[in-house]
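Working notes, beginning with the structure itself.
The values are calculated or read from the model by the stated rules, or taken from the named source; none is laboratory data. None of the values given here were measured: they were computed from a predicted structure. Neighbour counts run over all protein chains shown; Cβ positions are idealised from the backbone, glycine included.
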Amino acid sequence: MSVAAGNLRSGRPRGLWTGRIFYGFLLFSLLIGFLTLGALLLQVLFEGYRFVDLVLFFEAPSADPQIAGAEPAILATIYIGVLLLAFTVPLGVGTAIYLEEYANRDRWYNRLLEVNIQNLAAVPSIVYGILGLAFLVRGLGLGRVLLAGAMILTLLVLPTVIIAAREAIRAVPDSIRQGAYALGATKWQVVWRQVLPASTPGIATGSILALSRGLGETAPLLLVGALTYVSFNPTLMGDFTALPVQIYQWIARPQDEFRTLAASGIIVLLAILLTLNAFAIWLRNRYERRW
Amino acid sequence: MAPVSVTMAGVNVDVETRERPLPAKELREVVFDVKDLGVAYSGNQALQGVSLEVYRNFVTAFIGPSGCGKSTFIRCFNRMNDLISTAKVDGTILYHGQDLYGSDVDPVEVRKRIGMVFQKPNPFPKSIYDNVAFGPRVLGMTDGLDDRVELALQQAALWDEAKDRLKANALSLSGGQQQRLCIARCLAVEPEVILMDEPASALDPIATTRIEDLMHELKKDYTIVVVTHNMQQAARVADMTAFFSVTRGEEGQRTGILVEYDATSKIFTQPSDQRTEDYVTGRFG
């Protein structure tokens, strides 16, 4: 049976409208996210740019919005960031190496550990706050200090770092390990001299993304005692606040000037987080390896 | 060289075998004495009842169809199967009379003396220099490291191509160069034996020829064991050839066995087993 050439064009436009509607829906979803975020950013920039000045960076908070700054909060955020990296990277990478290179999957406790870590990544941050309050502040008697804040954020982002580091370690092909073993390297030498260097870019990227998540957190810090009003620069074992907490405090105030100040605080926080994320993306692209 | 006519897939092919009168059996020095070796993965017998001797300064080739256990077998010689937790090795391999699987034997020590080159070139994502220097470094052989690296690269016929770019990443080399780098890396720790698991199967014919020439060169100083899919390659490079095949158990499980082990020229021209003849003449596999 032969088919006339005209038949090729005469069919009903099956699925044509469905296709268009679906495409429209995709655009719509994209726009929702894009426009909302864009509008928020623009509004914050427009509202807050006036107060992004030296006063903001180098003055303590004050009841007078004209001379109020966020120096203690900015400093505390930087301190927390440094501590966070110092705590999470060794612990997270250590756990990841154990799970990927040493753990025997046939053992029930290793499987339990894996499931646990994956679940921990989904626990709400306020729950970590409660844990921090009960265990670090009261149980260990640390008190409401910056160190406790950094420690609880460590616990919060640790699962993320572990998962990222495991991915990076798993991406190192087995042929590299075998090649090293075949030369008489010990397990420790294989891990330390081949697997870790090869997975460092991935681990660094994951750690930075985790860091920026930690620095944006407010809830757990409130519970472990980040104060909303701190007028002196932070110390490791002293009262502290953090940038998101400071923003939260300013927004809660009735005066319009403080809202503006909050907006400028948001600009600073966003700038820090976006810089970190951009650095992470740069690292990934720079050192991405195809085997 | 004497061309030997072999019928492959019904076509006569001249296979070049290098004429080399092998030393009489009592003059050969035994490096490995394998007795009734078997390997099982999670209880599935992959290889069974293999006994053969590997001689010093010989190239010994293992040939056979896919799944016959030849790669599994070669990995027993440097205890690479230890890295697979489900693998279980039984039987014995004596290395100069010493049981390789003895309870007091350190696999790391074994791998230092028995090097390995893999099927797919696997250079480390480091510089050419660091690739060759890795073995000496982990084994603490760091005196005169530069000379050691140069010598290894020369032995692997890579020095001329690599000497001006020792700091370049090894992944920037071509596939054939990468494989020669892996050979250099293996030579840098001065092993006695080099195991090669299909070293040329991922390479083009020109790169393959270079690897084969290299094997001829290296057997003056080393003992080489090579697994190959390529029968002509075995005929070209090997002094002794072992032919492996697959048997099916009652429940259809595949187990590799050694069918015949003899001088290469004999395996290819007058094999004593019908299965070997079928395989080398292309009627099977």
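Within the stretch B:61-88, residues that are closer than 28 Å to B:A235 by Cβ sit with their Cβ atoms under 8 Å from residues that are assigned to a loop (DSSP other than H, G, I, E, B) and at pLDDT below 90, at 6+ positions apart or across chains, in these pairs: B:I63/B:H229; B:G64/B:G285; B:P65/B:F284; B:P65/B:G285; B:S66/B:H229. Looking at A:G202, A:G216, A:G206, A:G238, just one residue is more than 14 Å from chain B (Cβ to nearest Cβ), crowded, with 23+ Cβ neighbours inside 10 Å and under 27 Å from the mean Cα position of the chain (by Cα), and that residue is A:G206.
Just need a number here: residues in the stretch A:151-186 that are within 30 Å of A:G139 (Cα to Cα) and in contact (Cβ under 8 Å) with a residue 40 or more places away in the chain. Total meeting the criteria: 12. Checked against (1) more than 18 Å from B:M196 (Cβ to Cβ); (2) hydrophobic (A, V, I, L, M, F, W, C); (3) under 18 Å from the mean Cα position of the chain (by Cα), B:I84 meets all criteria but (3).
Taken as a whole, the condition of being farther than 22 Å from A:P234 by Cβ, free of Cβ contacts under 8 Å to residues at least 12 places away in the same chain and away from chain B (no Cβ under 14 Å) does not apply to A:V93. In the stretch B:223-239, of all residues being out of contact with any Asp or Glu (no Cβ under 7 Å at 6 or more places or on another chain) and surrounded by fewer than 23 Cβ atoms within 10 Å (Cβ to Cβ), the one that is nearest to B:S272 (Cα to Cα) corresponds to B:D239. Please work out if A:E288 is more than 21 Å from the chain's Cα centre (by Cα) and touching a residue at least 24 places away in the same chain (Cβ under 8 Å). The answer is no for A:E288.
State yes or no: is A:I78 away from chain B (no Cβ under 14 Å), in contact (Cβ under 8 Å) with a residue 60 or more places away in the chain and either surrounded by 18 or more Cβ atoms within 10 Å (Cβ to Cβ) or within 30 Å of A:A262 (Cα to Cα) (or both)? Answer is no for this residue.
The residues in the stretch A:101-116 that are more than 14 Å from chain B (Cβ to nearest Cβ) and either closer than 15 Å to A:V161 by Cα or not basic (K, R) (or both) can be counted, and the count is 7. Among the residues of the stretch B:118-139, the ones that are more than 8 Å from chain A (Cβ to nearest Cβ) and of a type in the set (A, V, I, L, M) come to 3 in all. Candidates are the residues of the stretch B:67-94 that are out of contact with any Lys or Arg (no Cβ under 9 Å at 6 or more places or on another chain) and crowded, with 17+ Cβ neighbours inside 10 Å; the one that is nearest to B:M215 (Cα to Cα) is B:I74. Of everything in the stretch A:249-280 that is closer than 14 Å to A:S212 by Cβ and without any contact (Cβ under 8 Å) to a residue 12 or more places away in the chain, the residue that is nearest to the chain's Cα centre (by Cα) is A:L274. Within the stretch A:219-235, the set of residues being buried (at least 17 other Cβ atoms within 10 Å of the Cβ), more than 17 Å from A:G69 (Cα to Cα) and not hydrophobic (A, V, I, L, M, F, W, C) comprises A:P220, A:G225. All of (1) of a type in the set (S, T, N, Q); (2) in contact with a helix residue (DSSP H, G or I) (Cβ under 9 Å, 6 or more places away or on another chain); (3) exposed (fewer than 15 other Cβ atoms within 10 Å of the Cβ) hold for B:Q253 with one exception: (2). Filtering the stretch A:241-291 to residues that are crowded, with 19+ Cβ neighbours inside 10 Å, aliphatic (A, V, I, L, M) and assigned to a loop (DSSP other than H, G, I, E, B) leaves only A:A242.
The criterion of at least 2 residues that are among the aliphatic types (A, V, I, L, M), closer than 18 Å to B:C182 by Cα and within 9 Å of chain B (Cβ to nearest Cβ) is met, among helices (runs of 4 or more DSSP H) falling completely within the stretch A:129-198, by A:174-182. Look at the stretch B:102-115: where a residue is more than 7 Å from chain A (Cβ to nearest Cβ) and a partner is exposed (fewer than 15 other Cβ atoms within 10 Å of the Cβ), sitting 6+ places away or on another chain with Cβ atoms under 9 Å, you get B:V105/B:Q98; B:V105/B:D99.
Table: residues versus (1) touching a residue at least 12 places away in the same chain (Cβ under 8 Å); (2) in contact with a His (Cβ under 9 Å, 6 or more places away or on another chain); (3) of a type outside the set (V, I, T); (4) closer than 18 Å to A:P159 by Cβ.
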site	(1), (2), (3), (4)
A:W188	no, no, yes, no
A:W192	no, no, yes, no
A:A198	yes, no, yes, no
A:L209	yes, no, yes, yes
A:S212	yes, no, yes, yes
A:T218	yes, no, no, no
A:L236	yes, no, yes, no
A:D239	yes, no, yes, no
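Among the residues of the stretch B:176-188, are any within 14 Å of chain A (Cβ to nearest Cβ), over 14 Å from the mean Cα position of the chain (by Cα) and among the small types (G, A, S)? Within the stretch B:176-188, one or more residues are within 14 Å of chain A (Cβ to nearest Cβ), over 14 Å from the mean Cα position of the chain (by Cα) and among the small types (G, A, S).
This table checks each residue for (1) within 30 Å of B:R248 (Cα to Cα); (2) buried (at least 22 other Cβ atoms within 10 Å of the Cβ); (3) away from chain A (no Cβ under 14 Å); (4) more than 17 Å from the chain's Cα centre (by Cα).
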residue	(1), (2), (3), (4)
B:Q48	yes, no, yes, yes
B:Y55	no, no, yes, no
B:A61	yes, yes, yes, no
B:P65	yes, no, yes, no
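Taken together, the criteria place A:Q66 among residues that are under 24 Å from A:P254 (Cβ atoms) and either loosely packed, with under 15 Cβ neighbours inside 10 Å or at pLDDT 90 or above (or both).
Considering (1) touching a helix residue (DSSP H, G or I) at 6+ places or on another chain (Cβ under 7 Å); (2) closer than 30 Å to B:V132 by Cα, the lone condition that A:T200 does not fulfil carries the number (1).
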